[in-house]
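Novice: Below: one structure in structure tokens.
Only the coordinates and a few stated rules stand behind these numbers; no lab work does. It should be emphasised that the depicted structure is a prediction, and the values quoted were computed from it without experimental measurement. Every residue, glycine as well, gets a Cβ built from its backbone with ideal geometry; the counts of neighbours run over all protein chains shown.
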Amino acid sequence: MTGNDVVLALVVVTALGFDFTNGFHDTGNAMATSIVTGALPPRVAVGLSAVLNLVGAFLSTAVAATIASGLVNSQEVTLTVVFAGLIGSILWNLATWFLGIPSSSSHALIGGVVGATMAAAGSSAVKWQGLVSKVIVPAALSPFIAGAIAALGTYLVYRLTHDVAERPRAHGFRIGQVGSASMVSLAHGTNDAQKTMGVITLALIANGTLHSGAKSPTWVIASCATAIALGTYIGGWRVIRALGKGLVEIESPQGMASESASAAVILSSTDFGYSLSTTHVATGSILGSGMGKKGGVVRWHVARRMVAAWLLTLPASAVVGALAYWAANGIGGTAGVVVIFVVLVLASIAFFVVSRHPAVTPENVNAAWTGSVAPVPAPKDTDEVRS
Amino acid sequence: MNTWINLNALWKIVVVGLLAGAGLPALFAVGLRLLSPPAPAGGVATGEVAADRPSAGPVGYALAGLCFAVVLAAIGWGISVIVNHS
């Protein structure tokens, strides 16, 4: 095994690690509203979502490889650049997951790769117009489109069933939610698993293992599908709680309307070649469902915090990606990549350990929202814990 | 056609999104409404006393079934479009 093979192996492992974080970070996009309305028990929900992510990853491979090639000059992309970009995106994903913020995994990945490319080859290696038209404009528009559709859907659904008794209505919409949440999971698999497949394929091309323009090999598709499904099954309980309980108090008709809006927007935009973040769409839909219901509760300060994180995602993961590149390149060669990889593993363990105190689990994910991501264990001190 | 905003894709997404994202849940709601007609005037629709509420009747069941069938068919059609495009 030569030094380059070691680097390639580490890049593939790191990419699968990113795919894993993408899975658990985004479980909430599909399942948060079903879990909080009781349509599905928490563990059943993440299991179903995992299986559908797996299926979705195999369903369509149209998006693969476009992610990096349209945004940076592919001649400048070396294995170390891809590696550093992945480091930036994983660390940002872990940080936002810890804080319970549904930030976009796609933006983290793009930011990391762009930052590492700039560190390696200067800002001229970045296709700025591609970045604006393919990433920033869709990111700015998609929450509004999804939110408007979800608000209309919520309004119609309440309007049409206003004289239906409470119990059959809640029961019916919970069944509907299982269907709509399944569609979001499927959409997530077709959309997000592709991105990691694209990155690994790019690394294989950069290494000369594949000729440029090659399709993703089957083992890449299978391993990415498995990684995102496993991540989904682990469940990002912190993000699920923030989305499902923190943002809006959701009833099952709202849940079904917001999930339908998310699924329709994600799947149609994938099909029309518009790349957008499932996270932005899902958050926009949930906000819309809060606004479409008369007397709905929307916690705008939680929403503001999420939007602030979205604005930071690209630059922050770009900075970490650039730092990772400089560090790896400064140490040099295989040793540099190995050192950064060890740093990543240690940082991941640290995040995991800190997140256990107090932990958000399937058992307490639905506890009443008192202003913090981790539920307050004792009911006596509620509001003044964190405002 | 603008190079910064892909308007061509955008309006299609809005139209499909409205039809599938808001229209299908609305149709689902119509189906639910047909399955459980409102309580007679003056009655409080709490859902607690099921015996007081009228049942849907054969026409109601048939129309509700049609609504749910259209929703399922639309989802199936959507998935097949996506699979065939890739």
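Novice: FRET efficiency for A:A350 and A:S124, Cβ-Cβ distance as r, R0 = 30 Å, nearest 0.05?
Specialist: FRET efficiency, A:A350 to A:S124: 0.25.
Novice: Just grab the label-to-label distance for A:H357 and A:V297, each label 7 Å out from Cα along the Cβ direction, in nm (one decimal).
Specialist: The modelled label-to-label distance comes out at 3.1 nm.
Novice: Right, here's the next one. Test of understanding: given chain A, find the longest segment containing no GluC sites (Glu not before Pro) that are in a DSSP loop and have at most 13 other Cβ atoms within 10 Å.
Specialist: A:1-362
Novice: So for the range A:7-355, if I pair up every lysine 8 or more residues apart or on another chain, how many of those pairs have alpha-carbons under 24 Å apart?
Specialist: Pairs that pass both the separation and distance tests number 7.
Novice: Then there's this: Please list 3J(HN,Hα) in residue order for the range A:145-150, calculated via the Karplus relation 6.51 cos²θ - 1.76 cosθ + 1.60 where θ = phi - 60°; whole Hz, with x for glycine and proline.
Specialist: Running phi through 6.51 cos²θ - 1.76 cosθ + 1.60 with θ = phi - 60° gives 4, 4, x, 5, 5, 5 Hz.
Novice: Please list, in order along the range A:354-365, the HN-Hα scalar couplings obtained from phi with the Karplus expression 6.51 cos²θ - 1.76 cosθ + 1.60 (θ = phi - 60°), rounded to whole Hz, x for Gly and Pro.
Specialist: Karplus-based 3J(HN,Hα) across the range A:354-365 equals 5, 6, 7, 10, x, 8, 9, 10, x, 6, 10, 5 Hz.
Novice: For chain A, what is the calculated [θ] at 222 nm in deg cm²/dmol (nearest 500), taking -39500 (n - 2.57) for each run of four or more DSSP H residues and dividing by its residue count?
Specialist: Calculated mean residue ellipticity at 222 nm is -24500 deg cm²/dmol.
Novice: Report, please, the projected area of the protein assembly as shown averaged over directions, based on the convex hull of its C-alpha atoms, in nm².
Specialist: If you wrap the Cα atoms of the protein assembly as shown in a convex hull and average its projections, you get 23.4 nm².
Novice: Please list, ordered by chain and number, the residues whose modelled amide H lies under 5 Å from the amide H of A:V72; skip anything fewer than 5 residues away on the same chain.
Specialist: Placed amide hydrogens put A:K127 under 5 Å from A:V72.
Novice: Starting from the alpha-carbon convex hull of the range A:229-387, give the projected area averaged over all orientations, in nm².
Specialist: 12.6
Novice: Computed over the Cα atoms, what is the radius of gyration of the range A:288-361 divided by 2.2 N^0.38 Å, N being its residue count?
Specialist: Cα Rg divided by the expected 2.2 N^0.38 Å: 1.71.
Novice: Still on this structure: If you place +1 on the Cβ of every Lys and Arg and -1 on the Cβ of every Asp and Glu, how big does the dipole about the Cα centre of chain A come out, in debye to the nearest 20?
Specialist: Approximately 500 debye in magnitude.
Novice: Which of rounded, prolate or oblate describes the range A:65-153 when judged by the alpha-carbon gyration tensor and an a/c cut-off of 1.5?
Specialist: Note, shape of the range A:65-153 comes out oblate.
Novice: Give, rounded to the nearest 20 debye, the magnitude of the charge dipole that the range A:166-285 has about its Cα centre when Lys and Arg contribute +1 at Cβ and Asp and Glu contribute -1 at Cβ.
Specialist: 200
Novice: I've got another one for you. I want the local charge near A:A150. Using Cβ-Cβ distances under 13 Å, sum +1 for each Lys or Arg and -1 for each Asp or Glu among the other residues.
Specialist: 0
Novice: Separate question: For a quick protection proxy, order the peptides A:329-340, B:72-83, A:314-325 by their average other-Cβ count within 10 Å, most packed first.
Specialist: Taking the mean over residues of other Cβ atoms within 10 Å, the ranking is A:314-325, A:329-340, B:72-83.
Novice: Can you find, among A:L230, A:A206, A:V248, the residue sitting farthest towards the positive end of the charge dipole of the range A:142-259, where Lys and Arg contribute +1 and Asp and Glu -1 at Cβ?
Specialist: A:A206
Novice: For A:V36, what charge total do you get from the other residues with a beta carbon under 15 Å from its beta carbon, if Lys and Arg give +1 and Asp and Glu give -1?
Specialist: Summing Lys and Arg as +1 and Asp and Glu as -1 gives +3.
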